[in-house]
Amino acid sequence: MTAPGWYFKPNSEHRQPEVYGGEAFIDKYGCVYLGSSEEKVIYLTFDAGYENGNVEKTLDVLKRQEVPGTFFILPNLVKSNTALVKRMHEEGHLVGNHSYSHKNMSNMPFEAFEKEITDLEALYAEYTGYTMSKLFRPPEGAFTEQTLQNCARLGLTPVFWSFAYADWDNNKQPDPQAAKEKILSNVHNGMVMLLHPTSATNAAILEDVIVTLKNEGYRFGRVDELCVPQTTAAELDYYKEKGMVFSENPNGGKVVALTFDDGPHPEQTPKVLDVLEKYGAKGTFFVIGKNIAGNEAVVRRILDDGHEIGNHTYTHPLRSGSSDALLEEAAKTTELLESTFDYSPVLFRPPGGNISGSMIESICASGYKCVLWSWRMDTRDWASPPVESVVQTVLRDVKFGDIILFHDNVYGTSPTAEALEIILPELIERGYSFVTVSELIAG
């Protein structure tokens with residue numbers, strides 16, 4: 001039986017299209033294909049099997065425009081263009097799985113399906129030293145419910161799209177002006193755009209398309225912000241009541257905890273520290289282990305200034321797939337902090353806030369407290385939004401005992417330090433003080 005491929009029904013009113021006939025079962029498995037209908041945001045995704053000069057051009061455009069993307073790759077690209085694939089990761093893009101052999105996997109037995117996924121993951125790790133994100137785009141967009149069940153067993157998020165066009169045939173490339181008009185005429189809020197970065201047409205028009213959409217007020221996000229959390233609200237409440245997960249302490253007094261993920265960074269972290277010092281504020285820095293090398297002086301300053309350090313894994317794997325893998329990541333960072341700084345972190349924040357019951361149990365059994373952030377207190381500063389957006393997010397909704405999420409390692413232009421210059425004096429004026437996460441949850 002041949003499975004039908006993913007499809008969408010475009011419209012000319014810039015409304016979100018109907019996808020896959022409106023079938024409800026796709027949401028049961030956390031499929032990503034559309035963002036919010038209320039926000040002018042676009043998610044760029046690229047299916048990349050090989051390099052012909054245009055993948056590099058695509059990365060150049062994204063770098064100049066400081067726009068993130070998600071690349072679903074095949075083995076040939078990893079083997080033949082390793083530096084290019086490493087560049088994807090290092091420039092803040094997500095690298096996802098497009099299978100090992102690019103076969104139709106819609107009716108593939110689980111064992112064969114698993115091999116297609118894990119063989120590419122292993123190859124990617126071998127050649128790049130990085131962990132592939134747990135994002136999967138089925139070859140040809142072909143799938144069945146069995147495909148989605150297989151994804152769930154492997155901790156994969158299936159990623160589809162709400163717009164694509166015929167750009168893949170190098171011998172039949174569309175006219176650039178017509179292609180640009182087609183893309184822009186189909187733009188809609190929450191658009192997940194599928195492009196092929198081998199397309200000469202796309203390489204020629206991508207920058208113009210991005211600039212045009214920015215001028216129209218759109219921001220560009222990463223698809224991982226659309227991934228469904230792996231625990232239900234009820235499960236999360238259970239772990240909060242047991243004192244294993246923390247996202248706030250409404251009984252802690254008129255205080256907030258400022259937290260900063262993904263550092264240390266040689267320039268951005270010191271700027272944040274300067275602002276905190278200026279206003280006498282304490283913060284909690286969730287560091288990524290691999291970022292410590294070369295930034296030891298920055299970490300030392302964090303500690304000397306009286307701030308707290310938490311563990312944010314060693315490589316920041318999104319949806320790592322197993323609790324054991326996450327524990328290994330955490331252990332590696334803790335060992336580095338202990339051996340270099342004689343500091344043992346007691347707080348752990350999972351990459352992307354992606355959690356499961358087994359992960360929480362394992363992390364807490366290893367001696368950590370799992371720290372998330374408060375409702376509406378994700379500033380999304382990692383996406384380089386305007387400073388005003390970060391400020392508004394905090395000042396509009398902040399409450400006593402909140403844990404606020406910032407980042408001190410942002411790809412592109414970071415708004416964080418400048419936003420803190422506005423946020424901190426305003427919160428002080430409102431009577432707030434700033435404590436570490438450990439102080440907050442102890443209060």
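The values are calculated or read from the model by the stated rules, or taken from the named source; none is laboratory data. Everything quoted here is computed from the prediction, not taken from an experiment. So basically every Cβ, Gly included, is an ideal-geometry build from the backbone, and we count neighbours across all protein chains shown.
Go through the stretch 106-141 and give me each residue that's in a loop (DSSP other than H, G, I, E, B) and under 18 Å from HIS93 (Cβ atoms).
Across the stretch 106-141, the qualifying residues are GLY129, TYR130, THR131, MET132, SER133, LYS134, ARG137.
Of the residues GLU338, GLU328, only one is at pLDDT 95 or above and surrounded by fewer than 21 Cβ atoms within 10 Å (Cβ to Cβ); which?
Exactly one residue qualifies, and that residue is GLU338.
Would you please name the residue that is farthest from the chain's Cα centre (by Cα), looking only at residues in the stretch 341-365 that are outside any helix (DSSP H, G or I) and at pLDDT 95 or above?
Per the criteria, the residue is ASP342.
Identify, please: which residue in the stretch 193-237 is among the acidic types (Asp, Glu) and at pLDDT 95 or above and is, among those, nearest to LEU74 (Cα to Cα)?
Here the answer is GLU207.
Kindly indicate which of GLY53, GLY96, GLY49 is surrounded by 17 or more Cβ atoms within 10 Å (Cβ to Cβ) and out of contact with any Lys or Arg (no Cβ under 8 Å at 6 or more places or on another chain).
GLY49
List the helices (runs of 4 or more DSSP H) inside the stretch 366-443, counting only whole elements, that have at least 3 residues being at negative phi and modelled with pLDDT under 95.
Counting at least 3 such residues, we get 387-397.
Collect the residues in the stretch 293-313 that are within 25 Å of the chain's Cα centre (by Cα) and either closer than 13 Å to LEU336 by Cβ or outside any helix (DSSP H, G or I) (or both), keeping them in residue-number order.
Within the stretch 293-313, ALA293, GLY294, ASN295, VAL299, GLU308, ILE309, GLY310, ASN311, HIS312, THR313 meet the criteria.
Considering only the stretch 249-269, how many residues are in contact with a Phe, Trp or Tyr (Cβ under 8 Å, 6 or more places away or on another chain), surrounded by 21 or more Cβ atoms within 10 Å (Cβ to Cβ) and either among the polar types (S, T, N, Q) or part of a strand (DSSP E or B) (or both)?
So the count comes out to 7.
This table checks each residue for (1) among the basic types (Lys, Arg); (2) closer than 18 Å to ASN249 by Cβ; (3) free of Cβ contacts under 8 Å to residues at least 12 places away in the same chain.
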residue: LYS369; (1), (2), (3): yes, yes, no
residue: LEU372; (1), (2), (3): no, yes, no
residue: THR379; (1), (2), (3): no, no, no
residue: PRO386; (1), (2), (3): no, no, no
residue: HIS407; (1), (2), (3): no, no, no
residue: VAL410; (1), (2), (3): no, no, no
residue: ALA419; (1), (2), (3): no, no, no
residue: PHE434; (1), (2), (3): no, yes, no
